[in-house]
Every structure is written in structure tokens, then in C-alpha cells.
Amino acid sequence: MKILLNNQALIKKIRPFSDIGFVPTMGGIHKGHISLINRSIKSNQKTIVSIFVNPKQFDKIKDYKSYPSNINNDLTILKRIKKLDYVYIPKFKDIYENNKQSNIKIEKKYKILCAKFRNGHFEGVLDVMNRLTKLIKPKKIFMGEKDFQQLFLVKKFIEKKFNTKVIGCKTIRNKNKLALSSRNFLLTKKELKEVEKISNKFLKLKIKIKNIREINRFLQKSKKEIENFFNIKIEYLENRSIKNLSKSNKYKGSRIFLAYYFKEIRLIDNF
Ligand code: AMP
């Protein structure tokens with residue numbers, strides 16, 4: 001595994017290859033990231049992982065500053081993946097210097113879910129994905145369904161503009177069914193147990209809505225109940241079509257999307 005610390009090193013190493021699989025991350029590497037890396041290794045000649053905590057996608061400076069990335073830890077984990085070729089760890093200037101300011105906008109109809117609550121977040125994500133894709137020219141990009149709205153928007157944007165496929169990969173959960181997330185590293189053991197309980201409460205809704213007609217009305221009611229029971233603030237709890245993210249009362253072809261704050265930590269899931 002070669003570590004590439006700037007664009008010169010990156011370009012020199014990867015240019016000879018046309019069949020590159022790319023896994024963008026913000027570090028805090030866990031088994032969710034590793035599942036994407038393994039998918040890429042299986043289907044591409046070379047695999048590159050990036051670690052870059054992109055300041056432009058954070059709407060709150062505190063959230064950016066406390067983002068749980070630990071490069072040494074990450075490298076120790078990544079080195080164990082025998083067939084991983086490259087880790088790219090750019091500096092801010094590698095991504096943003098000599099580049100025009102972005103004018104990427106999210107369509108109004110997609111200003112829902114996280115886009116509604118995190119101002120400028122997806123504009124920042126699309127901007128960095130645009131820059132990374134231009135640089136790396138991957139054949140495929142592997143992203144998690146854990147961040148379904150991100151996967152949806154990036155796929156739409158990148159596949160229209162580049163000769164690159166964006167592949168969605170299923171959400172990896174721990175043994176108690178909590179979706180793995182770098183933000184879980186911010187939780188104490190006791191808090192993790194509590195979050196697992198909350199997560200299971202949400203997951204049970206998926207069974208409950210099977211025989212319900214007005215799914216979103218039911219979820220509105222459940223939202224209040226869960227907020228009161230666990231003393232948490234839920235930003236959204238909605239059933240939406242996986243095709244176009246519009247609100248849906250159908251069980252099939254839809255997912256429940258949710259975001260909530262546990263103390264100061266914002267967690268999301270969908271299933
Ligand atoms: P992040 O480092 O959080 O920006 O995530 C980098 C990539 O890993 C994104 O495509 C995420 O959707 C994906 N990812 C994060 N958590 C999981 C998970 N639990 N299962 C699968 N993919 C994940």
C-alpha cells in the first residue's frame with residue numbers, strides 16, 4: 001500500500017492505470033469503509049482510498065473540528081488490507097488551490113432530508129467529489145447506502161459528467177444492528193449501548209409499517225413517541241421512494257430515512 005500525500009505523487013502513480021476503483025472517505029476507518037474497499041478490490045485493477053475531512057461540507061465549525069479522524073489509526077487498519085494499492089491523503093490546497101470556486105447547486109426538489117437541515121452540505125460534497133473525480137479519473141466509485149441521499153446525489157451528478165460509475169454498497173451494522181459510522185467513535189461505551197437501543201427502536205418501524213396505509217402519518221406519531229421516550233431530538237423520520245426520494249406511503253421501493261441528535265452527535269440511518 002502506497003501512501004500519496006500530494007497531487008504530484010498521486011498523478012505519477014495512478015496515471016498509467018485506466019481501471020481504478022475509488023473509495024472516498026473522511027477517515028475514522030471502520031468495517032463499513034472496509035466493505036467498500038473490498039468491493040473495489042474485487043472489481044478493479046487498482047484501488048485507491050482517499051482520506052480527506054472536507055471542511056466545505058460542514059455547516060457547523062464545531063462538527064468539523066470534532067470530526068473523529070485519526071490518520072495513524074486509519075493507516076494501521078488500511079495496511080492490513082493486503083490488496084489495497086493506494087491511500088491518498090491530500091492537503092486542503094491539493095483539492096482547492098488553483099481551482100475556480102464552485103457554483104454547484106442542489107435542485108430544489110432535493111432540498112429535503114439532510115439537505116434541508118445541513119445548509120450547503122451536499123453542495124460541499126458534490127464540489128469535492130467533482131474535484132476528486134477529475135483528479136483520479138476512476139472507472140468506479142464505491143459509496144455506502146448508509147448515506148443514501150449522498151449516494152443518490154453524487155451518482156446523479158458524477159455519472160452525468162464523467163465516464164465513471166458510482167456503485168452503492170449496503171450498510172454494514174455491528175452485532176447489535178447499529179449502522180457503523182465514524183461518529184460512533186465519539187460515543188462512550190454506555191452511550192453506544194443507548195444509541196443501539198434507539199437504533200433498534202427505529203429498525204422495528206420497518207416491520208410495523210408493512211401493514212399500514214398512511215405510513216408517513218404513522219411515522220410522524222412515532223417520531224414524537226421516540227423523542228419523548230429517549231429524550232432525543234429527531235430531525236426527520238420519513239418514508240421516501242428510493243427512485244426519486246419523494247415522500248411515499250408505499251412499503252415497496254421505499255426506505256425510512258432518519259436523522260437525530262444524541263447529545264451533540266448527529267446520527268443518520270435508512271433502511
Ligand atoms: P465517511 O468517511 O463517513 O464520509 O464515509 C465514506 C464512505 O463510507 C461513504 O460512501 C459512506 O456512505 C460509506 N459508509 C459509511 N458508513 C458505512 C456503513 N456503515 N456501511 C457501508 N458504508 C458506509
Fill in: Where a residue in the stretch 109-130 is more than 22 Å from S248 (Cβ to Cβ) and its partner, wherever it lies, is hydroxyl-bearing (S, T, Y), with Cβ under 6 Å and at least six apart
D127/S102
Worksheet item: So, of the residues in the stretch 175-207 that are free of Cβ contacts under 8 Å to residues at least 24 places away in the same chain and assigned to a loop (DSSP other than H, G, I, E, B), which turns out to be nearest to the chain's Cα centre (by Cα)?
Response: L178
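Out of K108, K79, K134, I need the residue that is of a type outside the set (D, E), within 21 Å of R15 (Cβ to Cβ), surrounded by fewer than 19 Cβ atoms within 10 Å (Cβ to Cβ) and modelled with pLDDT of 95 or more. Which one? Quick ask: steps written out before the conclusion?
Numbers: K108 fails: within 21 Å of R15 (Cβ to Cβ); K79 fails: within 21 Å of R15 (Cβ to Cβ).
Among K108, K79, K134, only K134 is of a type outside the set (D, E), within 21 Å of R15 (Cβ to Cβ), surrounded by fewer than 19 Cβ atoms within 10 Å (Cβ to Cβ) and modelled with pLDDT of 95 or more.
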Worksheet, complete the sentence: Checked against (1) surrounded by 17 or more Cβ atoms within 10 Å (Cβ to Cβ); (2) part of a helix (DSSP H, G or I), R240 satisfies every condition except (2)
Worksheet item: Do we find that Y260 is assigned to a loop (DSSP other than H, G, I, E, B), of a type in the set (S, T, Y) and outside the structural domain of K105 (by TED's automatic domain parsing) in this structure?
Response: no
Discussion item. Please verify whether S248 is within 25 Å of S181 (Cα to Cα) and either surrounded by 12 or more Cβ atoms within 10 Å (Cβ to Cβ) or without any contact (Cβ under 8 Å) to a residue 60 or more places away in the chain (or both), treating the condition exactly as stated.
Written reply: no
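Keeping to the stretch 140-189, report how many residues are of a type in the set (D, E) and more than 11 Å from the ligand (Cβ to nearest atom). Talk me through it step by step, then tell me what you get.
Filtering the stretch 140-189 down to residues of a type in the set (D, E) leaves 145, 147, 159.
Then drop every residue that is not more than 11 Å from the ligand (Cβ to nearest atom), which leaves 159.
The total comes to 1.
Determine if the stretch 22-32 includes at least one residue that is within 22 Å of E97 (Cβ to Cβ), of a type outside the set (K, R), without any contact (Cβ under 8 Å) to a residue 12 or more places away in the chain and more than 9 Å from the ligand (Cβ to nearest atom). Working first, answer last.
In the first step, residues of the stretch 22-32 are kept if they are within 22 Å of E97 (Cβ to Cβ); the result is 22, 24-27.
Those still in the list that are of a type outside the set (K, R) too: 22, 24-27.
Applying the additional criterion that residues be without any contact (Cβ under 8 Å) to a residue 12 or more places away in the chain yields none.
So far as the stretch 22-32 goes, no, none of its residues is within 22 Å of E97 (Cβ to Cβ), of a type outside the set (K, R), without any contact (Cβ under 8 Å) to a residue 12 or more places away in the chain and more than 9 Å from the ligand (Cβ to nearest atom).
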Item to complete: Report yes if I106 is in the same structural domain as R39 (by TED's automatic domain parsing), closer than 23 Å to L203 by Cα and away from the ligand (no atom under 15 Å from the Cβ), otherwise no.
Response: no
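Looking at I51, I14, which is the one that is within 16 Å of the ligand (Cβ to nearest atom) and at pLDDT 95 or above?
Working: I14 fails: within 16 Å of the ligand (Cβ to nearest atom).
Residue meeting the stated conditions: I51.
The values are calculated or read from the model by the stated rules, or taken from the named source; none is laboratory data. Here the structure is a predicted model, which means the values were calculated and not measured. Positions of Cβ are backbone-derived with ideal geometry, glycine not excepted, and every protein chain shown enters the neighbour counts.
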